[in-house]
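The values are calculated or read from the model by the stated rules, or taken from the named source; none is laboratory data. No experiment lies behind these values; they were computed from the predicted model shown. Glycine also receives a Cβ, built like all others from the backbone with ideal geometry; neighbour counts cover every protein chain displayed.
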Amino acid sequence: MYEKITPPTTGSKITFSDGKPIVPDDPIIPFIRGDGTGVDIWPATEKVIDAAVESAYGGKRKINWFKVYAGDEACDLYGTYQYLPDDTLTAIKEYGIAIKGPLTTPIGGGIRSLNVALRQIFDLYACVRPCRYYQGTPSPHKNPDKLDVIVYRENTEDIYLGIEWREGTELADKLIHYLNETLIPATKEHGKKQIRLDSGIGIKPISKTGSQRLVRRAIEQALRLPKNKQKVTLVHKGNIMKYTEGAFRDWGYELATSEFRDVCVTERESWILSNKEKNPDLTIEENAQQVEPGYNALTAEKKAEICAEVQGVLDAIWETHGQGKWKDKIMVDDRIADSIFQQIQTRPDEYSILATMNLNGDYLSDAAAAIVGGLGMGPGANIGDTCAIFEATHGTAPKHAGLDRINPGSVILSGVMMLEYMGWQEAADLIKKGIGGAISNREVTYDLARLMDPPVHPPLKCSEFAQAIINHFKD
Ligand SMILES: NC(=O)C1=CN([C@@H]2O[C@H](COP(=O)(O)OP(=O)(O)OC[C@H]3O[C@@H](n4cnc5c(N)ncnc54)[C@H](OP(=O)(O)O)[C@@H]3O)[C@@H](O)[C@H]2O)C=CC1
Ligand SMILES: O=C(O)CCC(=O)C(=O)O
Ligand SMILES: [Mg+2]
């Protein structure tokens, strides 16, 4: 079955039922060490996870690690250009849950991202990146503890599908001519626009299927959160990219108000309902004026549309959501992408789950991680219906590779997410406790050390931080 790897001789397989993992006490879990700082981070992570499982279950549960290869390490073992060998894909498919370090992607040419390839091959459509503050973590922000968001990033499409044509190639040329001469003139709203002949072209597909299954996961997550965090914000640049990013927003609202009708209210619906609650005699048009900025300047047709919307909302949900009942529902709103970057800094406590398309989520998860302590504290999970791969938000940080100084926190916290996903909460809690203890004791790696006041000198090495986390399990 495998060309160059051998699974552990002990251990059992994780299986999936209805999108949920069924985990034995001795699961076999494949891991990819990763390029660059993966060489430092992975051993630290494995040590912490093993110690937590041993400490929590006293030998009754144990992970049987299965080393599989990707990136530079894979090429060393399997040969040139064998970045993602079949062995690795077979093992992940077979065992269902995997964890990985970061993998390098060249810029401007060369292979396409192995990280993205894994997400697409296993249809891991939800990239889940919690950005929450750990007490005592230094941050450049005044109130990092106010940010507690989970980025739910669509993980399989958008520009990450990687359908592009390089400038100057025959196909790029052909496509540009076809667009300029046929498709653009055939679309009235494009007017006389033309694409420059020396352009590279990339395609940005955003599907209803991809958008709605991501938003579904985000709303399901909101249902599991405490009442005050039951909010999903659809992030998009729909004012500019109307039929991709704008459609993502519309499909998100459509899903929330159909499949989750009884448990969701949209922000706009909440305005309509509360306007009527404050003034039961309000006419439909007065309500519409309060909901739609600039209503009075609209055309008669547009005004009629807004009034119909107000009437429609009251007819559909006044009974079930009115008289303040909407306040107990999941609030679904939307924000334009540039605005959300400032909002998470200026009004962090107003947000909870940020449902995004692929590119926006990539940007936003780094930015949110920075607020709560940096990329050293940014975990993540790629979740599908029959497989999950856990990995940090950050990349290979090549300048720190092999120096035993990088912060392993993000991959360790990705391990915490994995343990929670497996239902091994006791082990996950020990690690969280250990991280909290190490940080509040100022036992930290360089990245956190330099932000602390006063700065910590000397900082702990990567391996020492792992040991410090273990030492603080039982504080
Ligand atoms: N999922 C994946 O595997 C990902 C892979 N990549 C790939 O990684 C490579 C390098 O990308 P790059 O843009 O440099 O981004 P990186 O995320 O690798 O690193 C950028 C900077 O972030 C900080 N940082 C990253 N990881 C940590 C950590 N564990 N602890 C503390 N600080 C950290 C460091 O800042 P400082 O030096 O200031 O301390 C580092 O120089 C590229 O090939 C890219 O494609 C990128 C993202 C995700
Ligand atoms: O795959 C890569 O190289 C980058 C991916 C990335 O930045 C991410 O998923 O956050
Ligand atoms: Mg990224």
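Going by what's in this entry, would residue 80 be described as in the same structural domain as residue 435 (by TED's automatic domain parsing), surrounded by fewer than 21 Cβ atoms within 10 Å (Cβ to Cβ) and without any contact (Cβ under 8 Å) to a residue 24 or more places away in the chain? In short, yes. Of the residues contained in the stretch 397-405, one or more are found to be surrounded by fewer than 23 Cβ atoms within 10 Å (Cβ to Cβ), within 16 Å of ligand 3 (Cβ to nearest atom) and in contact (Cβ under 8 Å) with a residue 60 or more places away in the chain.
If only residues of the stretch 165-213 that are of a type in the set (Asp, Glu) and touching a residue at least 12 places away in the same chain (Cβ under 8 Å) are counted, the one that is surrounded by the fewest Cβ atoms within 10 Å (Cβ to Cβ) is 198.
Conditions tested, residue by residue: (1) farther than 29 Å from residue 225 by Cβ; (2) within 16 Å of ligand 2 (Cβ to nearest atom); (3) not assigned by TED's automatic domain parsing to the domain that holds residue 198.
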site: 103; (1), (2), (3): yes, yes, yes
site: 107; (1), (2), (3): yes, yes, yes
site: 131; (1), (2), (3): no, yes, yes
site: 142; (1), (2), (3): no, no, yes
site: 145; (1), (2), (3): no, no, yes
site: 186; (1), (2), (3): yes, no, no
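For the subset of the stretch 43-88 comprising residues that are hydrophobic (A, V, I, L, M, F, W, C) and in contact with a strand residue (DSSP E or B) (Cβ under 6 Å, 6 or more places away or on another chain), which member is farthest from residue 105 (Cα to Cα)? Only one residue tops the list, namely 63.
In the stretch 1-28, of all residues being without any contact (Cβ under 8 Å) to a residue 12 or more places away in the chain and of a type outside the set (Ser, Thr, Tyr), the one that is surrounded by the fewest Cβ atoms within 10 Å (Cβ to Cβ) corresponds to 18.
Go over the candidates 26, 40 one by one and state the one that is in the same structural domain as residue 95 (by TED's automatic domain parsing), among the charged types (D, E, K, R) and within 26 Å of the chain's Cα centre (by Cα). Among 26, 40, only 40 is in the same structural domain as residue 95 (by TED's automatic domain parsing), among the charged types (D, E, K, R) and within 26 Å of the chain's Cα centre (by Cα). All of 91, 117 fail the test of being among the aliphatic types (A, V, I, L, M), in contact with a strand residue (DSSP E or B) (Cβ under 7 Å, 6 or more places away or on another chain) and either closer than 24 Å to residue 366 by Cα or at pLDDT 95 or above (or both), apart from 91.
When the stretch 353-377 is limited to residues that are of a type outside the set (A, V, I, L, M) and surrounded by fewer than 22 Cβ atoms within 10 Å (Cβ to Cβ), the one that is farthest from ligand 3 (Cβ to nearest atom) turns out to be 363. Please verify whether residue 31 is among the aromatic types (Phe, Trp, Tyr) and either over 21 Å from residue 428 (Cβ atoms) or surrounded by fewer than 19 Cβ atoms within 10 Å (Cβ to Cβ) (or both), treating the condition exactly as stated. So residue 31 does not fit the description; no. So for the stretch 460-467 (the condition being surrounded by 20 or more Cβ atoms within 10 Å (Cβ to Cβ) and part of a loop (DSSP other than H, G, I, E, B)), does at least one residue qualify? Scanning the stretch 460-467 turns up at least one residue that is surrounded by 20 or more Cβ atoms within 10 Å (Cβ to Cβ) and part of a loop (DSSP other than H, G, I, E, B).
Yes/no matrix, rows are residues, columns are (1) within 12 Å of ligand 1 (Cβ to nearest atom); (2) touching a Ser or Thr at 6+ places or on another chain (Cβ under 8 Å):
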position: 104; (1), (2): yes, yes
position: 110; (1), (2): yes, no
position: 117; (1), (2): yes, no
position: 125; (1), (2): no, yes
position: 142; (1), (2): no, no
position: 145; (1), (2): no, no
position: 149; (1), (2): no, yes
position: 156; (1), (2): no, no
position: 165; (1), (2): no, no
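One residue is enough: does the stretch 177-193 have a residue meeting the conditions part of a helix (DSSP H, G or I) and either touching a Phe, Trp or Tyr at 6+ places or on another chain (Cβ under 9 Å) or of a type in the set (Ser, Thr, Tyr) (or both)? Within the stretch 177-193, one or more residues are part of a helix (DSSP H, G or I) and either touching a Phe, Trp or Tyr at 6+ places or on another chain (Cβ under 9 Å) or of a type in the set (Ser, Thr, Tyr) (or both). Please tell me if residue 156 is touching a helix residue (DSSP H, G or I) at 6+ places or on another chain (Cβ under 9 Å), within 16 Å of ligand 3 (Cβ to nearest atom) and in contact (Cβ under 8 Å) with a residue 40 or more places away in the chain. So residue 156 passes the test.
For first residues located in the stretch 113-133 and of a type in the set (D, E, K, R), partners that are in a helix (DSSP H, G or I) and within 11 Å of ligand 1 (Cβ to nearest atom) and lie 6+ apart or on another chain with Cβ distances below 6 Å form the pairs 129/365. In the stretch 340-364, the qualifying residues are those that are hydroxyl-bearing (Ser, Thr, Tyr) and more than 16 Å from ligand 2 (Cβ to nearest atom), and the one that is farthest from residue 153 (Cα to Cα) is 346.
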